[in-house]
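As structure tokens, the structure follows; a few thoughts come after it.
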Amino acid sequence: MIVERNNILILLICLFSMNMFAQVTLKPHYGLYLPKLGDVNSKISNDLSEFRRITGQPFPDAGELDEGPIWGVQIEYHTGEDYFFNANVAFYDNSVSSEYNSPTGSGERFNYERSIDMFDFMFNLHYYINYNSWARFNKYMGAGVGLMVLRANSITQSSFGDPTGHFDSNAEFTGNTLSGLISAGGTLRLQPALFLWAEGGVQYGNFGELDGSIRRLGSDQRETIISDSRFDLTGFYIRGGLGVNLPFLR
């Protein structure tokens with residue numbers, strides 16, 4: 001009797017798992033992300049202006065941390081007639097730098113680097129307008145909530161004079177924050193198991209100041225510090241890719 005009950009339970013679990021698996025879609029994607037980062041870019045510009053003033057050297061601009069590629073993958077589940085739920089992971093990184101070598105041939109050199117890496121994990125709910133699995137094109141609106149994780153690195157190296165002590169340092173900052181988004185997009189069916197998809201929207205992610213540590217040249221000790229600029233990665237994005245319904249045979 002116990003064996004029969006166990007067999008029935010195993011059968012029900014298998015049927016349930018097969019039903020779920022038959023409705024799962026894998027959606028790798030690639031796109032463009034346009035975060036604000038205005039305060040960070042202002043700090044970069046001010047840093048270089050101050051270093052030029054201190055040394056009298058014409059250090060070039062580093063540029064701005066702004067739009068850049070974002071890529072990731074979604075796993076989507078059809079929860080109802082017009083509703084789809086998905087989990088999305090995505091990665092974005094960007095960097096700027098300024099490098100200068102003394103024209104006198106003395107070997108003096110200046111190097112300034114700033115970089116960020118962002119990872120986010122998001123749960124999204126998509127509402128399709130009159131969804132039809134056999135329609136060539138379906139459109140949807142969506143909303144999501146999740147977690148953003150950010151790492152920022154800062155390197156300043158110079159053999160030019162520096163009475164302020166700001167040169168020759170290596171700093172690392174990390175932080176995380178709740179994130180949200182609103183989106184709109186559509187799918188274009190190629191085959192029953194394959195489709196193209198694309199969406200655009202706005203994602204919110206304001207980290208504020210980040211906790212970190214800094215190491216000065218000639219020292220093995222790292223000092224605990226807080227970033228002197230605020231990191232706001234709120235911005236527009238567009239992304240798209242190929243959707244694959246799993247399994248191929250239904």
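Worth pointing out:
- Any hit, region 55-76, residues being part of a helix (DSSP H, G or I) and of a type outside the set (Ser, Thr, Tyr): no
- Top-ranked residue in region 183-192 [being under 17 Å from His29 (Cα atoms) and in contact (Cβ under 8 Å) with a residue 12 or more places away in the chain; ranked as nearest to the chain's Cα centre (by Cα)]: Ser183
- Unmet criterion (only one of (1) surrounded by 14 or more Cβ atoms within 10 Å (Cβ to Cβ); (2) polar (S, T, N, Q); (3) free of Cβ contacts under 8 Å to residues at least 60 places away in the same chain) for Gln157: (3)
- From the options Asn130, Asn124, Asn138, residue that is modelled with pLDDT of 90 or more, within 19 Å of the chain's Cα centre (by Cα) and not hydrophobic (A, V, I, L, M, F, W, C): Asn124
- Of all residues in region 187-230 being buried (at least 18 other Cβ atoms within 10 Å of the Cβ) and in contact with a Gly (Cβ under 7 Å, 6 or more places away or on another chain), the one that is farthest from Ile44 (Cα to Cα): Phe195
- Test: residue in region 90-103 that is without any contact (Cβ under 8 Å) to a residue 24 or more places away in the chain and not basic (Lys, Arg): yes
- Some residue of region 112-121 being more than 22 Å from Ser227 (Cα to Cα), of a type outside the set (S, T, N, Q) and surrounded by 15 or more Cβ atoms within 10 Å (Cβ to Cβ): no
- Selection within region 163-186: residues that are at pLDDT below 90 and exposed (fewer than 15 other Cβ atoms within 10 Å of the Cβ). The member of this set that is farthest from Ile214 (Cα to Cα) is Pro163.
- Checked against the criterion of being among the aromatic types (Phe, Trp, Tyr), over 28 Å from Ile226 (Cα atoms) and modelled with pLDDT of 90 or more, region 86-98 contains not a single residue that satisfies it.
- Scanning region 175-226 for residues that are among the polar types (S, T, N, Q) and in a loop (DSSP other than H, G, I, E, B), we see that the one that is farthest from Ile129 (Cα to Cα) is Ser219.
The values are calculated or read from the model by the stated rules, or taken from the named source; none is laboratory data. Predicted, not measured: the structure shown is a model, and the values here were computed from it. For neighbour counting, all protein chains shown are included, and Cβ atoms are generated from backbone atoms with ideal geometry for every residue, glycine included.
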